Amino acid sequence: MRVLYIFQSPNASTILDRMIIPQLGRGDHGAEVAGMFFFGDTTFFFLPENPIGEQLARLADKLGFFIICCDFCCEQRGISGRLYPGIEEGCFPDVYRRAKDHGAEQVISL
C-alpha cells in the first residue's frame with residue numbers, strides 16, 4: 001500500500017521522530033510512502049538545521065517520495081523560500097497531482 005501523509009498536529013514531531021523516521025530508515029514501516037504534505041506549524045520542520053526536516057529530506061530522496069509544505073502557511077510564518085533544499089512549497093492541487101503521480105492509495109492525517 002502506498003500512503004500519503006498529511007501533517008498538521010502539534011504531536012507530529014513526536015510521531016515523526018519516534019516512529020515514522022526510524023521505521024523508514026530501518027525499512028520496516030509497513031507501507032510505502034508516496035508523499036508527505038505539511039501545513040500549519042509543521043512547515044517549520046523544513047527550516048535548515050532542523051533534524052526532522054533534514055532526515056525526512058534524505059529519506060524522501062532515498063525512497064522516492066515527495067514532500068510539499070503549504071505555500072500559504074510558509075508565507076504566513078515568514079519562511080517562504082527558506083526551506084531545506086529540495087522541499088517544495090505548494091497547495092492542495094499540487095499535492096493531489098503528485099499523489100496521483102506517485103500512486104497514493106491511502107491518505108493518513110496526523
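The values are calculated or read from the model by the stated rules, or taken from the named source; none is laboratory data. Since we're looking at a predicted model, the values are computed, not measured. Here the Cβ positions follow ideal geometry from the backbone for every residue, glycine too, while neighbour counts run over all protein chains shown.
A few remarks follow.
- Some residue of the stretch 70-90 being of a type in the set (A, V, I, L, M, F, W, C), surrounded by 20 or more Cβ atoms within 10 Å (Cβ to Cβ), part of a strand (DSSP E or B) and at pLDDT 95 or above: yes
- Within the stretch 7-41, if we keep just the residues that are free of Cβ contacts under 8 Å to residues at least 40 places away in the same chain and part of a strand (DSSP E or B), the residue that is farthest from Ala57 (Cα to Cα) turns out to be Glu32.
- Failed item in (1) surrounded by fewer than 18 Cβ atoms within 10 Å (Cβ to Cβ); (2) out of contact with any Phe, Trp or Tyr (no Cβ under 9 Å at 6 or more places or on another chain); (3) free of Cβ contacts under 8 Å to residues at least 60 places away in the same chain, with Glu105 passing the rest: (3)
Rundown of residues vs (1) surrounded by fewer than 20 Cβ atoms within 10 Å (Cβ to Cβ); (2) over 25 Å from Gly78 (Cβ atoms), yes/no style:
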| site | (1), (2) |
| --- | --- |
| Tyr5 | no, no |
| Ser9 | yes, no |
| Ala12 | no, no |
| Gly27 | yes, yes |
| Gly30 | yes, yes |
| Phe38 | no, no |
| Asp41 | yes, no |
| Pro48 | yes, no |
| Glu54 | yes, no |
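- The stretch 42-69, residues that are more than 11 Å from the chain's Cα centre (by Cα), closer than 20 Å to Val3 by Cβ and assigned to a helix (DSSP H, G or I): Arg58, Asp61, Lys62, Leu63
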